[in-house]
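I have a structure here, written as structure tokens, and I will follow up with some questions on it.
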Amino acid sequence: MKKIVLYIITFIFILISIIVFYLVSIGYETNKFNSLLEKKITSYFTNTQIDIDKIKVKINIKTLSFFVTTTSPKIKYHSSKVNIKRVDIYINLNSLIIGNPEINKVNIISNEIEIREIKNVVKYLKPSNFKKFFLNEVEKGKMTFKLDLFLKNNKIQNYEINGYVKNFSAG
């Protein structure tokens, strides 16, 4: 009887280890959460349309969270296409178990974007010196960026953006 219980416990432990290893290294690809995520994103960001093809769910053991990643989502902001390469969303595992998912961090990585395409998006931002300079003085170029949004209670607390510009020209 003891051997049977020991075999069952060992089997369960090995099975859980294999599942965790798979979710850490490869992840689970699905399209079942697409409509839910699309509705959440459009409710947070008005005048935004998003179309997600596939989602990959992975676990991050170090921070006890899991993250959802998608490649090449089709995003439109005020009818202007935003060329995004990848989006990663880190969700606290404990809050997900409770039933109130809390997003900790969002990483957005862009493809190379023409400055004229960025101008179509920037014109809808709040008035600022940056907006005025960008719309009136910047003439041409290409840009790539990585945006990290840090959230607390699903509200943006801080952000970090870095990237590069090629063939930049300002008047």
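The values are calculated or read from the model by the stated rules, or taken from the named source; none is laboratory data. All figures in this text were calculated on a predicted structure; none of them were measured in a lab. Neighbour counts run over all protein chains shown; Cβ positions are idealised from the backbone, glycine included. Keep in mind that these areas ignore ligands, DNA and RNA; they rest on the heavy atoms of the full protein, side chains included. Shrake-Rupley method; radii C 1.70, N 1.55, O 1.52, S 1.80 Å.
Gain in length, Asp53 to Tyr22, computed as 0.36 nm per residue apart minus the alpha-carbon separation, to one decimal in nm?
Using 0.36 nm per residue and subtracting the Cα-Cα distance, I get 9.0 nm.
Counting C-alpha atoms alone, how compact is the stretch 1-40: give Rg to one decimal and Dmax as a whole number, in angstrom.
16.9, 52
Once both labels are modelled 7 Å past Cα along the beta-carbon direction, what's the Asn158-Lys39 spacing in nm?
So the label points at Asn158 and Lys39 sit 3.4 nm apart.
Per residue, how much accessible area does the chain have with a 1.4 Å probe, in Å²? Could you put the intermediate results ahead of the total?
Values: 12320 Å² over 171 residues.
Result: 72 Å² per residue.
Also: Which whole-number percentage describes the relative contact order of the stretch 111-171, with Cα contacts under 8 Å and a sequence gap of 6 or more?
Relative contact order, the stretch 111-171: 35 percent.
Given contacts defined as C-alpha pairs under 8 Å and at least six residues apart, what's the relative contact order of the stretch 1-153, whole-number percent?
Relative contact order of the stretch 1-153: 15 percent.
Could you please state how large a percent of the accessible area of the chain is carbon and sulfur, counting protein chains only and using a 1.4 Å probe?
On the chain, the fraction of accessible area on carbon and sulfur atoms equals 60 percent.
Take each uninterrupted DSSP H stretch in the chain, measure its Cα extent along the helix axis, and return the ones at 30 Å or beyond whose mean Kyte-Doolittle hydropathy is at least 0.0.
The answer, listed by residue number, is 2-25.
Give, as a single signed number, the net charge of other residues whose beta carbon lies under 15 Å from the beta carbon of Glu102, with Lys and Arg counted +1 and Asp and Glu -1. Don't skip to the end; give the middle numbers.
Details: positive: Lys40, Lys105, Lys152, Lys155; negative: none.
Once all neighbours under 15 Å are counted, the net charge is +4.
Right, next: Within a Cβ distance under 9 Å of Phe150, other residues only, what is the Lys/Arg minus Asp/Glu net charge?
0
How far apart, in nanometres, would the label points at Asn31 and Thr144 be if each is projected 7 angstrom from Cα along the Cα-to-Cβ direction?
Here the answer is 2.9 nm between the modelled labels.
Would you kindly calculate the translational diffusion coefficient of the chain, applying Stokes-Einstein with the Kirkwood radius from alpha carbon pairs, for 4 °C and a viscosity of 1.567 mPa s, and quote it in µm² s⁻¹ without decimals?
69 µm²/s
A further question follows. Tell me which trypsin sites (Lys or Arg not before Pro) from the stretch 1-104 have a DSSP coil assignment and no more than 14 other beta carbons within 10 Å of their own.
Numbers: sites: Lys2, Lys3, Lys32, Lys39, Lys40, Lys54, Lys56, Lys58, Lys62, Lys74, Lys76, Lys81, Lys85, Arg86; in loops: Lys32, Lys54, Lys62.
Counting only loop positions with at most 14 other Cβ atoms within 10 Å, the trypsin sites (Lys or Arg not before Pro) in the stretch 1-104 are Lys32, Lys54, Lys62.
Need the list of lysines near Lys119 for cross-linking: C-alpha distance under 20 angstrom, and skip anything on the same chain fewer than eight residues off.
Reachable lysines: Lys74, Lys76, Lys81, Lys85, Lys131, Lys132, Lys140, Lys142, Lys146, Lys166.
Below 14 angstrom from the Cβ of Glu114, what's the summed charge of the other residues (Lys, Arg +1; Asp, Glu -1)?
+3
What longest region of the chain stays clear of chymotrypsin sites (Phe, Trp or Tyr not before Pro) that DSSP places outside H, G, I, E and B and that have at most 12 other Cβ atoms within 10 Å?
46-123
Residue by residue through the stretch 74-85, what is 3J(HN,Hα) from phi via Karplus (6.51 cos²θ - 1.76 cosθ + 1.60, θ = phi - 60°)? Round to whole Hz and write x for glycine and proline.
So the J values, rounded to whole Hz, are 8, 10, 10, 10, 6, 6, 9, 6, 10, 8, 9, 8.
Above 17 Å lies some portion of the pair distances; for the stretch 1-101, what is it as a whole percent of all C-alpha pairs?
The calculated P(r) of the stretch 1-101 puts 63 percent of pairs beyond 17 Å.
Would you kindly state how much longer the chain becomes between Ile14 and Ile61 on full extension, computed as 0.36 nm times their sequence separation minus their alpha carbon distance, in nm to one decimal?
15.2 nm
Name the residues whose placed amide hydrogens come within less than 5 Å of the amide hydrogen of Lys85, ignoring near sequence neighbours (fewer than 5 apart) on the same chain.
HN-HN under 5 Å from Lys85: Ile109, Ser110, Asn111.
Taking R0 as 22 Å, what FRET efficiency do you get between Leu135 and Val165 from their Cβ-Cβ distance, rounded to the nearest 0.05? Can you show the working numbers first?
Values: r = 16 Å, r/R0 = 0.73.
My answer for the efficiency is 0.85.
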